[in-house]
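*Asks:* There's a structure below that I have some questions on.
Just so it is clear, none of the values below were taken in a lab; they were calculated from the coordinates. A quick note: this is a predicted structure, and the numbers were derived from the prediction, not measured. When we count neighbours, we look across all protein chains shown, and the Cβ atoms used for this are built from the backbone with ideal geometry, even at glycine.
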Amino acid sequence: MAAMESTGSYWKPLYNIFEQEELPAMVVNAYHIKNVPGRKTDWNDAFWIAKCVAQGLLKPSFVPNRDQRKLPFKCLFLLTLVLLCLS
């Protein structure tokens, strides 16, 4: 099981790869895991997230399926085509 914080949009490409390869992955709310003990580093964050996942303390955030994630881009593309045709 891979788990990652939903910070910005950095998690999206990695999540897409996991989903495509059918590997179990979860995106968790950064607010739920913000209290990392000790100095804040990426390594400490990763270790803390792994520890919380191993103990079942984190719930996955809702991530729409691939088709739903592509819908805004398809709508924007369609809108662009319509606007080009009208001009």
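*Asks:* Take the chain, mark every one of the trypsin sites (Lys or Arg not before Pro) that falls in a DSSP loop and has at most 16 other Cβ within 10 Å, then report the longest stretch left between them, sites excluded.
*Replies:* 41-87
*Asks:* What size of dipole, in debye to the nearest 20, comes out for region 1-65 about its Cα centre when the only charges are +1 on Lys and Arg C-beta atoms and -1 on Asp and Glu C-beta atoms?
*Replies:* Value, rounded to 20: 360 debye.
*Asks:* Can you put Trp11, Trp43, Trp48 in order, fewest other beta carbons within 10 Å first?
*Replies:* Ordered by Cβ neighbours within 10 Å, fewest first: Trp43, Trp48, Trp11.
*Asks:* Here is a follow-up. Using θ = phi - 60° and the Karplus relation 6.51 cos²θ - 1.76 cosθ + 1.60, list the HN-Hα couplings for region 74-85 in order, rounded to whole Hz, with x at every Gly or Pro.
*Replies:* Ordered by residue, 3J(HN,Hα) equals 5, 5, 5, 4, 4, 4, 4, 4, 5, 5, 5, 5 Hz.
*Asks:* Can you tell me the relative contact order of the chain? Whole percent, Cα pairs under 8 Å, sequence separation 6 or more.
*Replies:* 27
*Asks:* With a ≥ b ≥ c the root eigenvalues of the C-alpha gyration tensor of the chain, is it rounded (a/c under 1.5), prolate (a/b larger than b/c) or oblate?
*Replies:* Prolate, since a/c reaches 1.5 and a/b exceeds b/c.
*Asks:* Based on other C-beta atoms within 10 Å, arrange Ile33, Ile17 from fewest to most. Can you show the working numbers first?
*Replies:* Values: Ile33 18, Ile17 12.
Arranged by neighbour count, lowest to highest, Ile33, Ile17 become Ile17, Ile33.
*Asks:* Write out the GluC sites (Glu not before Pro) in region 4-53 meeting two conditions: DSSP loop, and at most 16 other Cβ atoms within 10 Å of their Cβ.
*Replies:* Glu21, Glu22
*Asks:* Okay, next question. Which far-off residues, 5 or more places away or on another chain, put their amide H under 5 Å from the one on Met26, with H placed in the peptide plane?
*Replies:* Ala2, Ala3, Met4
*Asks:* From the backbone phi of region 17-23, what are the Karplus-calculated ³J(HN,Hα) couplings (6.51 cos²θ - 1.76 cosθ + 1.60, θ = phi - 60°) in whole Hz, Gly and Pro given as x?
*Replies:* 5, 4, 5, 5, 7, 6, 9
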